[in-house]
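These notes are about the structure you will find just below.
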Amino acid sequence: MAAVTGDLPVGDERWAFEVKWDGVRALTYVDAGGLRMESRNLLDITPRYPELHGLREALGPHEAVLDGEVVTFDDEGRPSFQRLQHRMHVAGVHDVRLRMQQYPVVYMLFDVLWLDGHATVGLPYTDRRKLLTALDLEGERWQVPAHHVGDGQAMLDAARERGLEGVMAKRLDSVYEPGRRSRSWVKVKTRRRQEFVVGGWLEGSGNRAGRIGALLVGYYGEGGLRFAGKVGTGYTDRTLAELAALLAPLARESSPFDMPVPYRESHWVEPALVCEVEFGEWTEGGTLRHPSYKGLRDDKAPQDVVREPAGGGQ
């Protein structure tokens, strides 16, 4: 189940509010045979997060399908999507073991979809939360964060003050709708941020001469891949090297965008990579103002990337 982007709902006494965690979504299947984790585009991500495998023992005799967000925290205790980059794309056993020491993750659980032989998706949110809380899943590497009924503005203000991404508003009577983007869940952001498809890049200048200076990004809309602008900040030297290696085999002669791009020396690539970008606002011309690169995502297909409504409590 996915959320729509929007503003705080009216009549918020009918809604529960949770922190919007800046991580990667994961479903976890736990039964007598063990534990398996799956991303939102159905990738098996179990080997990436060995520190979460103990959730099998933590559940005791229960078997369950759980929904949540895998998060890495920065030195200030805030979720850091950039730090999570060091874990999201690593699969080798040695590398995973090394990086789990440097960048440990925590699994923030917020829903239960199946429990001890019974599907729970048809139950209202309040009942599913009671079942989840009763599992007593509070550990060093997993937890069930609190939710609050009503007073969404206070929670959004607190999220903004702490530098968090935003809050999730969920109707108390809402069922879980697998595979749907439902208006029963609303993500309210403290800043504008969304995924974009990488369609090309521009060479840099100065200390970036001969390297990537900016990514050319877009989203899918009527007619095809719409150009959304260039993203020239938010990179480290390591990020630039990793992006160059990923983009090289995707090179193509023509632009993947369905509209003219105002940069002559563009290098085009197949629209196969999805990146996360934070930005100030959309310009009247339909491009991003003050965009900053936050990292790559492999849990969303490029064709599913669309322009999100402004929303975000702005």
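How large is Rg over Rh for the stretch 203-247, taking Rg from the Cα atoms and Rh as the Kirkwood inverse mean of 1/r across Cα pairs?
On the way: Rg = 12.4 Å, Rh = 11.6 Å.
Expressed as Rg/Rh, it is 1.07.
For the stretch 147-191 and the stretch 255-288, compute the distance between their C-alpha centroids and round to whole Å.
Using only Cα atoms to place each centre, the spacing works out to 29 Å.
Classify the stretch 214-310 as rounded, prolate or oblate from the Cα gyration tensor: take a ≥ b ≥ c as the square roots of its eigenvalues, call it rounded if a/c is under 1.5, otherwise prolate when a/b beats b/c and oblate if not. Provide the component values of the computation, followed by the final result.
Details: a/c = 1.35, a/b = 1.14, b/c = 1.18.
Rounded, since a/c falls under 1.5.
Out of the stretch 220-314, which trypsin sites (Lys or Arg not before Pro) are coil in DSSP terms and have no more than 16 other C-beta atoms within 10 Å?
Answer by residue number: ARG264, ARG307.
Length gain on complete extension for the stretch ASP44 to HIS267, per 0.36 nm per residue less the alpha carbon to alpha carbon distance?
Fully extending the segment from ASP44 to HIS267 adds 77.0 nm.
Is the C-alpha gyration tensor of the stretch 2-189 telling us rounded, prolate or oblate? Criteria: a/c under 1.5 is rounded; beyond that, a/b larger than b/c is prolate, otherwise oblate.
oblate
Over the chain, calculate the relative contact order: mean separation of alpha carbon pairs under 8 Å at least 6 apart, over the residue count, as a percent.
On the way: 675 pairs, mean separation 66.9, N = 314.
For the chain, the relative contact order is 21 percent.
Restricting to bridges with both residues inside the stretch 157-314, how much of the DSSP beta-bridge set is antiparallel, in percent to the nearest 5?
Percentage antiparallel, nearest 5: 95.
Using the 10 angstrom Cβ neighbour count as an exposure proxy, how do LEU156, LEU66, LEU43 rank, fewest first?
Least crowded to most crowded, the residues run LEU43, LEU156, LEU66.
How many nm is it between the label spots at SER254 and ARG191, if each spot is 7 Å from the Cα in line with the beta carbon?
Going from the SER254 label point to the ARG191 one covers 3.8 nm.
With label points built 7 Å along Cα→Cβ from the Cα atoms of ARG99 and ARG25, find their separation and express it in nm.
It is 2.2 nm.
Evaluate the charge dipole of the stretch 21-161 about its Cα centre and quote only its size in Debye, nearest 20, assuming +1 on the Cβ of each Lys and Arg and -1 on the Cβ of each Asp and Glu.
380
Relative to the present Cα-Cα distance, how much length would full extension add between GLU63 and ASP173 at 0.36 nm per residue of separation?
Length gained, GLU63 through ASP173: 37.1 nm.
With a cut-off of at most 10 other beta carbons within 10 Å, and DSSP calling the residue loop, which GluC sites (Glu not before Pro) in the stretch 29-122 qualify? Please list them.
On the way: sites: GLU38, GLU51, GLU57, GLU63, GLU69, GLU76; in loops: GLU63, GLU76.
Hits after loop and neighbour filter: GLU76.
In terms of modelled amide H atoms, which long-range or inter-chain residues lie less than 5 Å from the amide H of PHE110?
So PHE110 has HN proximity to ASP67, GLY68, GLU69.
Read the figures in this text as sums done on the coordinates, not as results from a lab. Being a predicted model, the structure only gives us computed values, none of them experimental. Please note: Cβ atoms are built from the backbone with ideal geometry, for glycine as well, and neighbour counts cover all protein chains shown.
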